[in-house]
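Colleague: Mind having a look at this structure? Questions to follow.
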Amino acid sequence: MATIRVLLIEDDPGYARLIERMLALSPVGFDVIVADRLTAALSELYKRRFNLILTDLNLPDIRGIDTIEAIRSAESALPIIVLTGVEDVELEEQVIASGAQLCLRKSDINTKTLLDAMHHAVQISRQTAPPVMDRQVNKLLTDLEENIVAVKGAIATLDSEQGDSQRIDAVNTIRSHIGKMHDKIGGFRRRGH
């Protein structure tokens with residue numbers, strides 16, 4: 001049976017152990033990695049692949065909705081469940097709007113609700129995830145690759161012992177192609193992708 005790797009971002013060691021024990025009671029195999037702050041969590045995200053993130057909102061190095069936004073900037077696709085000690089419907093709505101799939105109150109969590117929520121978060125994530133590669137994304141990547149090749153060529157010209165006019169042309173080529181890449185990425189984001 002495959003193991004499900006979970007990143008648990010929680011600064012309370014007692015609560016982290018409780019979540020680990022709940023997951024250990026499941027017939028599903030879980031590999032839980034605990035990070036006690038956002039910086040440690042980001043390091044784990046760069047080192048390993050995870051299937052799901054469970055996170056507190058208030059950590060020693062970040063608080064509130066900024067926590068979700070920071071996680072989303074590092075990992076755009078993983079399902080996120082926020083575990084909060086605060087009972088605030090408006091906050092729960094903000095958490096979902098910021099990119100988490102679910103928000104659970106710590107006081108309401110037991111093994112069954114946690115496992116059900118994890119399953120539900122994965123389902124939501126799959127339904128809302130964009131297609132892996134559509135034509136627009138493929139076109140953008142092709143255009144960016146062409147610009148990168150042109151920039152690399154200009155850098156090679158700068159590295160060689162060329163005259164001043166050739167160096168100026170190379171710098172202008174780099175500026176032009178970097179500007180094009182920046183404009184394409186900005187246009188792509190503005191279209192909602």
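Colleague: Please state the relative contact order of the chain as a whole percent: Cα pairs under 8 Å, 6+ residues apart? It would help to have the intermediate numbers written out before the result.
Modeller: On the way: 226 pairs, mean separation 29.3, N = 193.
Answer for the chain is 15 percent.
Colleague: Counting only helical runs of four or more DSSP H residues, what would the 222 nm mean residue ellipticity of the chain come to if each run contributes -39,500 (n - 2.57) and the total is spread over all its residues?
Modeller: -19000 deg cm²/dmol
Colleague: Using unit Cβ charges (K, R positive; D, E negative) and no other charged atoms, how large, in debye to the nearest 20, is the dipole of the chain about its Cα centre?
Modeller: Magnitude of the dipole: close to 600 debye.
Colleague: Same structure again: With point charges of +1 on the Cβ of Lys and Arg and -1 on the Cβ of Asp and Glu, referenced to the Cα centre of the chain, which listed residue (23, 125, 6) lies farthest in the positive direction of the dipole?
Modeller: 125
Colleague: Using DSSP loop states and a limit of at most 12 other Cβ atoms within 10 Å to flag GluC sites (Glu not before Pro), what is the longest stretch of the chain containing no flagged site?
Modeller: Between exposed loop sites, the widest span is 1-86.
Colleague: For segment 59-114, rounded, prolate or oblate, judged on the Cα gyration tensor with a ≥ b ≥ c (square roots of eigenvalues), a/c < 1.5 rounded, else prolate if a/b > b/c?
Modeller: Taking the square roots of the gyration eigenvalues as a ≥ b ≥ c, segment 59-114 is prolate.
Colleague: To continue, here is another question. Using DSSP to call loops (not H, G, I, E or B), can you name the trypsin sites (Lys or Arg not before Pro) in segment 39-85 whose Cβ has at most 16 other Cβ atoms within 10 angstrom?
Modeller: 48, 49, 63
Colleague: Ok, one more. Please rank 120, 182, fewest neighbouring Cβ atoms within 10 Å first, as an exposure proxy.
Modeller: Starting with the residue having the fewest Cβ neighbours, the order is 182, 120.
Colleague: Turning to a different aspect of this structure: Can you give the translational diffusion coefficient of segment 1-148 in µm²/s, computed by Stokes-Einstein from the Kirkwood radius over Cα pairs at 4 °C and 1.567 mPa s?
Modeller: 80
No lab work stands behind these numbers, since they all come straight from the coordinates. Computed from a predicted structure; not experimentally measured. Here Cβ is always computed from backbone atoms with ideal geometry, including for glycine, and neighbour counts include all displayed protein chains.
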